[in-house]
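A short write-up of the structure that comes next.
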């Protein structure tokens, strides 16, 4: 048995997402399970080095979770031949410069999205990675959520017949920071720091729609900054310059129509923070983060509009839960395992930097649609 030890530079993991999902629930969880077992008996073992700008945060994080290696010197970590993978979960505006350095150093790249602050930069990174021959990937975590995996199972089985439409509702109320602290960092609401829900969420909606239903062909988007002033982490009021809600319609290949509402200014009255309803000629389904329920056409009720009598139907009872039928691991961890296998064995990993650039493209076109108040076509991306 051979143990393939992979040194992984983890840049920007002192933030909530980087710590919880990428470090603790992915890389450390893989280490705690004894690595990733390969069919030939070999094992892949990640060896992280935590990198960032603030020494006290890195040391505290390393001490808390027993990580031996940490550094504030990214260049030194990139120069170390033991480190073969560079991972980036910094804020968007910092990402491209660091990825360029890592590609120049010959490291394989795995990163959060958006991959860069502009489509031009995102395509540049994808082109540099392809030219250098390094392996590269982008986090597409929602594809590995149990609810969406069940939804994909229904799509692949032909359950829906011809898919007609998709309705997506995402969001929750993010407190303004005055009488309760906000659940998101204040930079999310500053356009000049890479904030905005369109930039954040359209990168997700692109890969979800492309992979589950069909490629996005056009977008119509209306953004809004509903809360003009918030209070930051130091208790100081600041003016919000980025959108906190987006109301979008997409058309997909095959004529599928998608309505997607994304908001940090909505109070939740649904089963989950994200719900996706799919309607087809043969059946419908509603998926959340973990659950999915379906209704076939033979089980569909026949309501008649009559506001003068009490509603005789309990519509929520007329759906069937799609069973698990398999164990579901953390979605970030599952994709990390696939990428590490890709690096060691060359197994397929389709979610590369070009796929990441598609998310940046859709965000830019959504902003353009909002600014110009019109539909905008989504052209095919090529390097």
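Cβ separations smaller than 8 Å between residues 6+ apart or across chains give the following pairs from segment 289-302 residues that are at pLDDT below 95 to residues that are surrounded by fewer than 14 Cβ atoms within 10 Å (Cβ to Cβ) and assigned to a strand (DSSP E or B): 299/320. Within segment 79-100, the set of residues being surrounded by fewer than 23 Cβ atoms within 10 Å (Cβ to Cβ), in a helix (DSSP H, G or I) and touching a strand residue (DSSP E or B) at 6+ places or on another chain (Cβ under 7 Å) comprises 98 only.
Residues that are free of Cβ contacts under 8 Å to residues at least 12 places away in the same chain and in the same structural domain as residue 211 (by TED's automatic domain parsing) were ranked within segment 131-157; the one that is nearest to residue 201 (Cα to Cα) is 156.
Identify all residues within segment 5-48 that are assigned to a loop (DSSP other than H, G, I, E, B), surrounded by 17 or more Cβ atoms within 10 Å (Cβ to Cβ) and without any contact (Cβ under 8 Å) to a residue 40 or more places away in the chain; write none if there are none. Once the filter is applied, which keeps residues that are assigned to a loop (DSSP other than H, G, I, E, B), surrounded by 17 or more Cβ atoms within 10 Å (Cβ to Cβ) and without any contact (Cβ under 8 Å) to a residue 40 or more places away in the chain, segment 5-48 yields only 35. The single condition among (1) in contact with a strand residue (DSSP E or B) (Cβ under 9 Å, 6 or more places away or on another chain); (2) closer than 30 Å to residue 280 by Cα; (3) surrounded by fewer than 23 Cβ atoms within 10 Å (Cβ to Cβ) that residue 135 does not meet is (2).
Taken together, 332, 328, 339 contain a single residue that is touching a residue at least 12 places away in the same chain (Cβ under 8 Å), in a loop (DSSP other than H, G, I, E, B) and either within 30 Å of residue 4 (Cα to Cα) or assigned by TED's automatic domain parsing to the domain that holds residue 169 (or both), which is 328. Scan segment 101-130 for residues that are assigned to a helix (DSSP H, G or I) and surrounded by fewer than 16 Cβ atoms within 10 Å (Cβ to Cβ) and the total you get is 5.
Could you please find all residues in segment 342-354 being in a helix (DSSP H, G or I), under 30 Å from residue 42 (Cα atoms) and within 23 Å of the chain's Cα centre (by Cα)? Break it down into steps so the answer makes sense when it comes.
First, pick out the residues of segment 342-354 that are in a helix (DSSP H, G or I): 342-345, 353-354.
Next, only the ones that are under 30 Å from residue 42 (Cα atoms) stay: 342-345, 353.
If the condition is that a residue be in a helix (DSSP H, G or I), under 30 Å from residue 42 (Cα atoms) and within 23 Å of the chain's Cα centre (by Cα), then 342, 343, 353 are the ones that fit.
What residue, of 286, 278, 322, 334, is modelled with pLDDT of 95 or more, closer than 27 Å to residue 159 by Cα, under 17 Å from the mean Cα position of the chain (by Cα) and surrounded by 10 or more Cβ atoms within 10 Å (Cβ to Cβ)? Before you say what the answer is, go through the steps one by one.
Working: 286 fails: under 17 Å from the mean Cα position of the chain (by Cα); 278 fails: under 17 Å from the mean Cα position of the chain (by Cα); 322 fails: under 17 Å from the mean Cα position of the chain (by Cα).
Sole residue among the options that is modelled with pLDDT of 95 or more, closer than 27 Å to residue 159 by Cα, under 17 Å from the mean Cα position of the chain (by Cα) and surrounded by 10 or more Cβ atoms within 10 Å (Cβ to Cβ): 334.
Scanning segment 163-186 for residues that are in contact (Cβ under 8 Å) with a residue 60 or more places away in the chain, crowded, with 18+ Cβ neighbours inside 10 Å, more than 16 Å from the chain's Cα centre (by Cα) and under 18 Å from residue 263 (Cα atoms) turns up 166, 174.
Among residues that are under 29 Å from residue 202 (Cβ atoms), free of Cβ contacts under 8 Å to residues at least 24 places away in the same chain and surrounded by fewer than 16 Cβ atoms within 10 Å (Cβ to Cβ), residue 68 is not included. Residue 187 meets each of the listed conditions (1) within 26 Å of residue 150 (Cα to Cα); (2) in a helix (DSSP H, G or I) apart from (1).
The values are calculated or read from the model by the stated rules, or taken from the named source; none is laboratory data. Owing to the predicted nature of the structure, the values given are computational and were not obtained by experimental measurement. Every residue, glycine as well, gets a Cβ built from its backbone with ideal geometry; the counts of neighbours run over all protein chains shown.
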